[in-house]
Amino acid sequence: MRNARRVVVLLALCAVAACRRPSPPAAEPVIDALKAEEREVGLTYAESLGRPVFAHYCATCHGDAGKGDGQNASNLTPPPPDFTASKVMADAGYVRRVIVEGSAALGRSPLSPPWGRTLTPQQVDYLILYCQALAKKK
Amino acid sequence: MRKPQVAPASAHAAFAVLGVLFLAVFSWVYLGEQGAEWRQQQAKFRRIEASVKNPHQLAQAAGVGGIRQVWLPDLGRVDRCTTCHLGIDDAAYVKAPQPFRTHGGTWLTTHPVERFGCTVCHEGQGQATDYRNAAHRAIPFVERPMRPLETIEASCGSCHGSLETPDAPRLSAGRRLIVDSGCVSCHDIPGFEGLTFSGPALDSEGYKVRPEWLTAWLKDPKSSLSRSKMGNFRLKPDEVAGLQAFLLSQRAQAPLAGASVDWARADTDKGRALFGELRCTSCHAVNGRGGTMGPELTKVGDKVRRDWLIGFLEDPHRDQPDTAMLRYRLTDDQVRDLAAFLLQEYRSGDAGPETSPASFQDAAAVASGRGTFIKRGCYSCHRLSGVSIPGKIGPSLAGVADRDPDQLTYGTSGARHTSDNYIYVKLLQPDGLGSPSLMPTFGFTPAEAATITVALAGLHKSDLPASRVVRQPSPPPYRPQGRFGELVTRYRCLSCHRINGTGGDLSTVPLDRIGSQLQHDYLVTYLLNPGAVRVSVEARMPVFHMTPEEARTIADYASTVFVDDTIDRLDVRVDAAEARRGQDRFRELGCVGCHQVGLKGGYVGPDLSNTGRRLKAGWIATWLTDPQRQKPDTIQPNYGLSAPDVRALTAYLMSLGAVPATTGSRADAKPGSPR
């Protein structure tokens, strides 16, 4: 009889343990902080990697947001276009050619130089994603 | 004869049951293995393969079957990820569904799967062959599940030890933050050996600062200066009082000739002009704008005593031997005007009259302040004679990422137990982990703390074979000697310029080859009155007020020592025909977009109007051939110019603004002046 009672108590405890609310998923503060930063600038991780490259090599003419309003833009004829409004941004292959071979290789003014020997292929990848993100954001 | 024993019926039954049971278990295991997740994935892959590849390619392709693995004996890893990730290094599967999709970017060209496996970068359990146990997501008892992309650059840091790792910008940003925040003063950090960080020496602090400013500063440096590099030590009021008394009692050297200054004759307008001319804002910010090498000066009038400021401007190295600030050659009147301007312009209000430095002495408070100074490790950043340095106060961060996450505390953060989260919480709230901490609070934003975490999370106790480590060896320290050495020390050239790998990086090109780059006479003129070579650069070389003799000494030394024969002896023809061709190329390449020639051109690169007087021909040719070799992060693109083009452009540039008696260039030097 005592054994039976013990079994009942044990079962009851098990039941209580089973009913306990599952613990909430643990926080991931590092990832959250990095994601929040990405959300703030509206970029995914891969896109955000292009930002420092753009800021260093491109923004002085193209402007911080790619609108063609960099501090050096007024010295250029023709001036850099607002590429966020351009349809060609959707064509990653074309954008890659402009960056790697320079605008002159595509029959346009020579003012946007070829970066293919200066940037690594990886940096060009990041840059394309970042420029496309700027165009999407407008 | 014994009668053969017949087992009882119950034994038969047991045998039968066991037999059936055995068969069932056997079939269960067999069928389970036959239907394993990876076999299903491989079957799925075969169907996709047929749709992606044509029959010929299919015949060429290696057959898929069985467990595939990459064994890296030197890293002690076995990665079976490619058992399911079958298209990972085949560009044909760019659009295939996971797990078959091609790896993004060009990562596998630089890090082929056969040499690096997968978990070296991605973490997770490489030996597992099903989704869950490979720890694609965090699972219990697995310390290192796969890293999400947000923190994956931590893995880059395990092998790539250089401060700047271009393809891992977040890692580089974290490492820069570590250097700039002075973490190396208190912690040994692998990869940061030899880097130092220091605040001002405190030997004469009693003569330097106003007591009320010091109290506010000790309570919370960020309240006085939002960009302060010093953290908040969370001092109790009695600790603040003790430290204040201790620091004010430090009076090793009385300021130079403070009493003899005639303040009534000070001209703050002249001081303001001098402030601009000396380019103080290249290093010091005022009202939020300017450099970060020196302290922000926005409230310097609240902080320092008049007499000390005069003495410091006269000779900064007397009071602060390790300061990055140069010693200008100024007259006493100029120093007085500048000091008067700083004290009047940059203060928050009337700070009241200065009290005499001698009136702060209280033996008990001084003793307790000294105790606090030592206990909190103030000596880590601030030199003070009489306080010996017992070693770094913080623990070494070697292997900080290897600590067992379940042995660490996480305070009330509720964070999942990972060493990443521990580092992050510790950075933001040193005291928030259950036990009091000596580490100051630096006021990092969450994003900054997370970025530093990424940089620290790759610090494994390294049993990495040397062949895997990618690191630039640090150069031996460079210290110029003789008269040139004196001038370099006085004008603190190495605060901004780099020679032989030593020095700051505020300036353009390392000076190692400056003698092959610049013409001697130009260098002398420039040192006497440095103008802006690049219009858009904010941090400019200060006007030192150096003597012509000093300028010549520096130019002579540079032109003799800092030269590179491969540049100087380059065969560059500088004749009119070449120059004309160069001018055409200059136009075709669009150089004018960034460079000014005459009145036309962009602000990005140097003004080229007087190149013929400024640069040497060999340098121009070397630079144009491969700019990044001379300065890795220069924005000048490598155009991949042919040798004839380089010669032509060099000839053209040498013709710009050239004077007939130019040294170095052969042949007639002014064929096409700028049109």
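The values are calculated or read from the model by the stated rules, or taken from the named source; none is laboratory data. Just so it is clear, the structure is predicted and the values come from calculations on it, not from any experiment. Cβ sites come from the backbone with ideal geometry, for glycine too, and all protein chains shown count toward neighbours. Accessible surface areas use protein heavy atoms only, side chains included; no ligands, DNA or RNA. Shrake-Rupley method; radii C 1.70, N 1.55, O 1.52, S 1.80 Å.
Looking at B:THR281, B:THR292, B:THR372, which one is of a type in the set (Val, Ile, Thr) and assigned to a loop (DSSP other than H, G, I, E, B)?
Criteria check complete, one pass: B:THR292.
Answer yes or no: is there a residue in the range A:42-58 that is within 13 Å of chain B (Cβ to nearest Cβ), farther than 27 Å from B:THR165 by Cβ, open to solvent by less than 50 Å² (accessible area, probe 1.4 Å) and modelled with pLDDT of 85 or more.
no
Keeping to the range B:406-416, report how many residues are surrounded by fewer than 17 Cβ atoms within 10 Å (Cβ to Cβ) and either in a helix (DSSP H, G or I) or at the interface with chain A (Cβ under 8 Å from one of its Cβ atoms) (or both).
Going through the range B:406-416 one residue at a time, the tally reaches 3.
Quickly run through the range B:295-345 and pick out the residues that are assigned to a loop (DSSP other than H, G, I, E, B) and in contact with a helix residue (DSSP H, G or I) (Cβ under 8 Å, 6 or more places away or on another chain).
Matches in the range B:295-345: B:LEU297, B:LYS299, B:ARG305, B:GLN320, B:THR323, B:ALA324, B:MET325, B:LEU326, B:ARG327, B:TYR328, B:LEU330.
Find the residue count for the range B:531-560, including only residues that are modelled with pLDDT of 85 or more and part of a loop (DSSP other than H, G, I, E, B). Break it down into steps so the answer makes sense when it comes.
Pass one, the range B:531-560, residues modelled with pLDDT of 85 or more: B:541-560.
Now drop any that are not part of a loop (DSSP other than H, G, I, E, B), which leaves B:541-547.
Residues in the range B:531-560 being modelled with pLDDT of 85 or more and part of a loop (DSSP other than H, G, I, E, B): 7 in total.
From (1) open to solvent by 20 Å² or more (accessible area, probe 1.4 Å); (2) away from chain A (no Cβ under 14 Å); (3) touching a Ser or Thr at 6+ places or on another chain (Cβ under 8 Å); (4) assigned to a loop (DSSP other than H, G, I, E, B), pick out the condition that doesn't hold for B:ALA92.
The one condition B:ALA92 does not meet is (4).
How many of the residues making up the range B:82-104 are within 34 Å of the chain's Cα centre (by Cα) and modelled with pLDDT of 90 or more?
3
So B:PRO446 passes all but one of these: (1) closer than 30 Å to B:LEU75 by Cα; (2) open to solvent by 20 Å² or more (accessible area, probe 1.4 Å). Which condition number does it fail?
It is condition (1) that B:PRO446 fails.
Can you name the helices (runs of 4 or more DSSP H) wholly within the range B:577-655 that have at least 2 residues being more than 11 Å from chain A (Cβ to nearest Cβ) and in contact (Cβ under 8 Å) with a residue 40 or more places away in the chain?
Counting at least 2 such residues, we get B:611-614, B:617-625, B:643-655.
Hey, could you check the range A:21-30 for residues that are out of contact with any Lys or Arg (no Cβ under 9 Å at 6 or more places or on another chain) and open to solvent by 30 Å² or more (accessible area, probe 1.4 Å) and say which is farthest from the other protein chains (Cβ to nearest Cβ)?
A:ARG21
Name the residues in the range B:118-161 that are within 11 Å of chain A (Cβ to nearest Cβ), within 20 Å of A:PRO121 (Cβ to Cβ) and not hydrophobic (A, V, I, L, M, F, W, C), would you?
Matches in the range B:118-161: B:GLU153 only.
Taking the residues in the range A:92-105 that are more than 10 Å from every other protein chain (Cβ to nearest Cβ) and among the aliphatic types (A, V, I, L, M) as candidates, determine which candidate is nearest to the chain's Cα centre (by Cα).
A:ALA92
Given B:ASP203, B:ASP130, which one is assigned to a loop (DSSP other than H, G, I, E, B) and open to solvent by less than 30 Å² (accessible area, probe 1.4 Å)?
One residue alone meets the criteria, B:ASP203.
Hydrophobic (A, V, I, L, M, F, W, C) and crowded, with 19+ Cβ neighbours inside 10 Å - does that describe any residue in the range B:229-239?
Within the range B:229-239, the first condition is being hydrophobic (A, V, I, L, M, F, W, C), and the residues that meet it are B:230, B:233, B:235.
Among the residues that remain, those that are also crowded, with 19+ Cβ neighbours inside 10 Å are: B:230, B:233.
Yes, the range B:229-239 contains a residue that is hydrophobic (A, V, I, L, M, F, W, C) and crowded, with 19+ Cβ neighbours inside 10 Å.
Looking at the range A:106-127, can you tell me whether even one residue there is surrounded by 20 or more Cβ atoms within 10 Å (Cβ to Cβ), more than 8 Å from chain B (Cβ to nearest Cβ) and at positive phi?
Checked the range A:106-127: no residue is surrounded by 20 or more Cβ atoms within 10 Å (Cβ to Cβ), more than 8 Å from chain B (Cβ to nearest Cβ) and at positive phi.
Filtering the range B:453-465 down to residues that are outside any loop (DSSP other than H, G, I, E, B) and more than 10 Å from chain A (Cβ to nearest Cβ), which residue is surrounded by the most Cβ atoms within 10 Å (Cβ to Cβ)?
Looking at the filtered set, the residue picked out is B:ALA455.
Return yes or no: is B:GLY414 closer than 30 Å to B:ALA138 by Cβ and either of a type in the set (Gly, Ala, Ser) or within 33 Å of the chain's Cα centre (by Cα) (or both)?
In short, yes.
Determine which member of the set B:PRO436, B:PRO440 is within 23 Å of the chain's Cα centre (by Cα) and at negative phi.
Answer to the check: B:PRO440.
Could you pull out the residue among B:PRO221, B:PRO169 that is within 24 Å of the chain's Cα centre (by Cα) and either at pLDDT 90 or above or away from every other protein chain (no Cβ under 14 Å) (or both)?
Details: B:PRO169 fails: either at pLDDT 90 or above or away from every other protein chain (no Cβ under 14 Å) (or both).
The unique qualifying residue is B:PRO221.
Checking B:GLU164 against (1) away from chain A (no Cβ under 14 Å); (2) within 22 Å of B:THR451 (Cα to Cα); (3) in a loop (DSSP other than H, G, I, E, B), only one condition comes out false. Which one?
(1)
I need every pair where a residue in the range B:513-530 that is closer than 16 Å to B:MET654 by Cα and open to solvent by 20 Å² or more (accessible area, probe 1.4 Å) has its Cβ under 7 Å from the Cβ of a residue that is in a helix (DSSP H, G or I) and of a type in the set (S, T, N, Q), sequence separation at least 6 or different chains.
Final answer for the pair search is B:HIS520/B:SER559.
Among the listed residues B:LEU235, B:LEU214, identify the single one that is modelled with pLDDT of 90 or more and closer than 17 Å to B:TYR379 by Cβ.
None of the others qualify; the one that does is B:LEU235.
Please find, within the range A:70-91, the residue that is farthest from the other protein chains (Cβ to nearest Cβ) out of those that are touching a residue at least 12 places away in the same chain (Cβ under 8 Å), surrounded by fewer than 20 Cβ atoms within 10 Å (Cβ to Cβ) and of a type outside the set (S, T, N, Q).
Per the criteria, the residue is A:ALA85.
Any idea how many residues of the range A:104-130 are closer than 20 Å to B:ASP633 by Cβ and either modelled with pLDDT under 90 or not in a loop (DSSP other than H, G, I, E, B) (or both)?
Within the range A:104-130, residues that are closer than 20 Å to B:ASP633 by Cβ and either modelled with pLDDT under 90 or not in a loop (DSSP other than H, G, I, E, B) (or both) number 9.
Would you point out the residue of the range B:425-436, among those that are free of Cβ contacts under 8 Å to residues at least 40 places away in the same chain and open to solvent by 20 Å² or more (accessible area, probe 1.4 Å), that is nearest to the other protein chains (Cβ to nearest Cβ)?
Our first condition is that a residue be free of Cβ contacts under 8 Å to residues at least 40 places away in the same chain; within the range B:425-436, this holds for B:425-430, B:432-436.
So of that shortlist, the ones also open to solvent by 20 Å² or more (accessible area, probe 1.4 Å) come out as B:426, B:428-429, B:432, B:434-436.
Values: B:LYS426: 11, B:LEU428: 8, B:GLN429: 11, B:GLY432: 12, B:GLY434: 17, B:SER435: 19, B:PRO436: 21 Å.
Across the range B:425-436, the extreme among qualifying residues is B:LEU428.
With the checklist (1) within 24 Å of B:HIS382 (Cβ to Cβ); (2) touching a Ser or Thr at 6+ places or on another chain (Cβ under 9 Å) in hand, flag the one item B:CYS280 doesn't pass.
(2)
Please enumerate the residues belonging to the range B:14-52 that are open to solvent by less than 70 Å² (accessible area, probe 1.4 Å) and within 46 Å of the chain's Cα centre (by Cα).
Within the range B:14-52, B:TRP38, B:GLN41, B:GLN42, B:PHE45, B:ILE48, B:GLU49, B:VAL52 meet the criteria.
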